[in-house]
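A.B. asks: Sharing a structure below in structure tokens format, with a few things to ask.
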Amino acid sequence: MSDIAENQNGGARNKMEQQKEDRRIRRTKRMLLQSLTQLMAKKKINQISITELTETADVNRSTFYLYYKDIFDMLAQIETEMFEAFSKALEKYKKANATYDNTLTFFIYIFDYVRSNADMCKILLGPDGDYTFVEKFKKAINQEYPPIDNLKGRVGGYYVMPFIVAGFIGIIQQWLEADMNASSRDMAVFALEMISNGTNGMDDLEA
């Protein structure tokens, strides 16, 4: 076998081994996440030990420390990963015109996102949730500036958007508490109607 062919085969083997290792890491982190979610549904995070978490996940303590410093670091990394994915997906709405369809699509995406991360969102946005997470969630939505009309005045742009975002998150929290008993589209339509009714006439507000 030539050196070139041998190098190519070696490179292919290394790539396959790396892919296998990546799958193993993802599987381990997924097991830890599922176990953390289960435990946080029963107790506060500061009452959860690494031993309890790793035993629930059937993962060695030493493996846990390969990825995280402690439980709080694990939760912080989970939140960061969630918001990076969330913000990246929302970027396409940033420059969208403030039409009904664009705003509705924006809201549907957020409800879909919450549904796909329901277990963790129920905990972090719930009654005993993480205040920091809620604030990050608000900031993530604000940064992408939803395509909502009636916010052209200085007062509207400065005060109304936080009002809208806080109310929107409140709707999400109630939806989660009701075990998401309505579709993402139905909730988006309802939220949009609430916001439209609440912001009518505010576009002319000036400081």
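A.B. asks: Tell me which residues, restricted to the range 39-69, are among the acidic types (Asp, Glu) and either assigned to a helix (DSSP H, G or I) or assigned by TED's automatic domain parsing to the domain that holds Asp112 (or both).
C.D. replies: Hits for the range 39-69 are Glu52, Glu55.
A.B. asks: Might you check whether a residue that is modelled with pLDDT under 85 and assigned by TED's automatic domain parsing to the domain that holds Lys138 occurs anywhere in the range 10-17?
C.D. replies: Applying the first criterion (modelled with pLDDT under 85) to the range 10-17 yields 10-17.
From the residues that got through so far, the ones that are assigned by TED's automatic domain parsing to the domain that holds Lys138 too are none.
Checked the range 10-17: no residue is modelled with pLDDT under 85 and assigned by TED's automatic domain parsing to the domain that holds Lys138.
Condition check ((1) at pLDDT 90 or above; (2) surrounded by fewer than 16 Cβ atoms within 10 Å (Cβ to Cβ)) across all residues:
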site	(1), (2)
Asp3	no, yes
Asn7	no, yes
Gln19	no, yes
Lys43	no, yes
Thr51	yes, yes
Asp70	yes, yes
Phe107	no, no
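A.B. asks: From Glu55, Glu91, which residue is free of Cβ contacts under 8 Å to residues at least 12 places away in the same chain and among the acidic types (Asp, Glu)? I'd like the intermediate steps shown before the answer.
C.D. replies: On the way: Glu91 fails: free of Cβ contacts under 8 Å to residues at least 12 places away in the same chain.
Unique residue meeting the criteria: Glu55.
A.B. asks: Take the conditions modelled with pLDDT of 80 or more and surrounded by fewer than 17 Cβ atoms within 10 Å (Cβ to Cβ) and apply them to Glu193. Does it pass?
C.D. replies: yes
A.B. asks: Now a separate question. Could you tell me whether the range 58-75 includes any residue that is closer than 30 Å to Ala188 by Cβ and not small (Gly, Ala, Ser)?
C.D. replies: Yes, because at least one residue in the range 58-75 is closer than 30 Å to Ala188 by Cβ and not small (Gly, Ala, Ser).
A.B. asks: Give me the pairs, please: first residue somewhere in the range 112-126 and in contact (Cβ under 8 Å) with a residue 40 or more places away in the chain, second residue anywhere and among the hydroxyl-bearing types (Ser, Thr, Tyr), beta-carbon distance under 8 Å, and either six or more positions apart or on two chains.
C.D. replies: As it stands, the answer is Asp112/Ser184; Arg115/Ser184; Asp119/Thr37; Met120/Thr37; Ile123/Thr37, since those pairs meet every condition given.
The values are calculated or read from the model by the stated rules, or taken from the named source; none is laboratory data. Just so you know, these numbers come straight off a predicted model, no measurement behind them. With ideal geometry, Cβ positions are generated from the backbone for all residues, glycine too; neighbour counts draw on all protein chains shown.
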